[in-house]
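Coordinate-derived values only; no laboratory data. Owing to the predicted nature of the structure, the values given are computational and were not obtained by experimental measurement. Every residue, glycine as well, gets a Cβ built from its backbone with ideal geometry; the counts of neighbours run over all protein chains shown.
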Amino acid sequence: MPQELSFEELAQRYLLARILWWRHDLEQLDAAAVAEILKALKTATNETREQVKKELPEAWEAYASAEGKAAFRLWLGGLTAATTASAVSAITEAWTLSAAQSLQIYNDILSFSGAAKAVQTVPVTAEAVKALANRADFGGRLLSDWVQRSFDEGAVAAIVESLDKAIAKGWGYQKAVKDLLQTAIDQGFQITQAQCVTLARSYIQQASVNAQLAVFEKNRNIIKGVKWTAILDNRVCPLCASVDGNEYLWGEPRPPMIRHPRCRCLWQPLLKSWRDLGIDADDLEKAARPWIVREPGPVGAGGKKILYAGTTKENFAGWWKTLPYDQQITSIGPTRTRLIREGKLTWKELVDKGTGRYFTLEELGFGLNGRI
């Protein structure tokens with residue numbers, strides 16, 4: 001064991017390194033699910049384009065009435081029903097796989113690959129996996145409801161709006177198809193695609209977080225609580241950056257994780273003492289917390305290119321201080337950046353620790369009539 005690290009520090013470093021590495025592996029599952037969804041949506045876009053062109057001449061006259069418009073929307077819903085079901089199936093499969101694999105991985109992580117004899121593992125059974133998956137709650141809606149909403153607000157809405165616009169201009173269906181409908185279908189499915197990708201990534205992450213907590217909570221005799229861990233890169237939002245490093249003992253109020261759609265945060269277990277693990281120091285591996293900075297821009301199915309990498313023992317607040325000024329602004333905005341750099345605001349003041357609510361500048365006393 002290195003001279004500068006105690007056994008306790010080495011254990012925590014090992015746990016964190018393995019948890020972050022699993023989050024990296026989870027992105028591969030994420031990418032596979034997204035690729036399947038994109039494939040289904042590409043096929044649906046082409047099929048919808050052809051079917052609408054085929055059916056529109058007959059439906060055009062009736063569409064101008066309320067009854068005709070309602071019937072056309074119903075027809076569109078039926079046209080996209082198969083793709084909707086495919087998206088739900090792909091997300092559900094990935095979500096369930098995430099729960100099963102995460103449960104297995106976190107059993108292995110906390111037990112130091114079986115070397116920590118005092119750790120109790122959670123059996124990876126069909127019932128356990130189903131329970132973990134079903135604990136995901138996004139606004140009280142079922143996954144099928146969210147996917148259907150993505151089609152209603154994307155593809156269906158775009159087609160209906162383009163037809164409404166054509167009728168308002170007094171166009172015939174041929175001009176509507178030529179000048180509006182083709183673009184509307186493409187743009188509508190892009191909206192649907194973005195929402196479905198968000199759903200896939202959010203459900204996969206939630207299932208993994210649920211597996212974490214299931215393993216950690218079963219071992220309360222050796223774990224005293226959890227520590228919020230954000231991914232240290234320039235894609236982290238202010239909501240997650242502001243709570244990174246916060247520790248919560250069992251029973252203390254804590255913000256829900258995941259914190260927002262596409263959240264990548266994780267829990268790190270807080271050990272009571274390494275002595276309770278039932279493990280020898282020689283079985284531990286030295287590990288350091290990886291951090292990455294990605295090139296700016298949207299993140300695709302496979303993620304963006306890594307620019308450079310290193311290691312840090314800091315929480316986000318400490319790591320943030322090492323970033324260039326423009327990247328500090330990207331993380332929390334120009335005003336909060338300036339106030340922290342000037343010593344007028346501390347990192348811990350940004351958010352309510354128990355609820356995770358991000359304070360406005362006015363609430364912090366830096367509004368138009370405040371200390372700014």
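Below, the figures for the structure above:
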| item | result |
| --- | --- |
| Inter-label distance for H260 and A31, nm, one decimal - labels placed 7 Å from Cα along Cα-to-Cβ | 2.5 nm |
| Length gained when the stretch E93-H24 is fully extended (0.36 nm per residue, less Cα-Cα span) | 22.9 nm |
| For the stretch 1-222, radius of gyration divided by Kirkwood radius, i.e. Rg to Rh on alpha-carbons | 1.19 |
| Residue with peak Gaussian network fluctuation, the chain [Cα springs, cutoff 10 Å], from Q187, Q51, Q212 | Q51 |
| Candidates G78, G245, G188, ranked by Gaussian network fluctuation over the chain, Cα under 10 Å, top entry | G78 |
| Distance between modelled label sites at E127 and A66, nm, 7 Å Cα→Cβ extension | 5.3 nm |
| Rounded to 10°, Cα long-axis angle of helix 157-168 versus longest principal axis of the chain | 30 degrees |
| Residue with peak Gaussian network fluctuation, the chain [Cα springs, cutoff 10 Å], from L142, L76, L213 | L142 |
| Packing-based exposure ordering (other Cβ within 10 Å, fewest first) of S86, S242 | S86, S242 |
| FRET efficiency for D186 and K344, using Cβ-Cβ distance with R0 set to 51 Å, rounded to 0.05 | 0.60 |
| Virtual paramagnetic centre 7 Å along Cα→Cβ of Q327, amide N under 20 Å, in the stretch 229-249 | 229-245 |
| Most to least packed among 349-357, 230-238 [average Cβ atoms within 10 Å] | 230-238, 349-357 |
| Amide H contacts under 5 Å for I223, placed H, 5+ residues apart | K272 |
| Distance (nanometres) between label positions extended 7 Å along Cα→Cβ at F359 and E217 | 3.1 nm |
| Alpha-carbon spread of the chain, three principal axes, descending order, Å | 81, 58, 38 |
| Model label zone, D108; criterion: amide N under 13 Å from point 7 Å along Cα-to-beta-carbon; scope the stretch 4-46 | 18-19, 21-23, 25-26 |
| Efficiency of FRET from Cβ geometry, A194 and E47, R₀ 22 Å, rounded to 0.05 | 0.65 |
| Exposure proxy order (Cβ contacts within 10 Å, fewest to most) of K227, K130 | K130, K227 |
| Hz values of 3J(HN,Hα) by residue in the stretch 343-356 - Karplus curve (6.51, -1.76, 1.60), Gly and Pro given as x | x, 8, 8, 9, 4, 5, 7, 5, 8, 7, 4, x, 9, x |
| Packing-based exposure ordering (other Cβ within 10 Å, fewest first) of T346, T43 | T346, T43 |
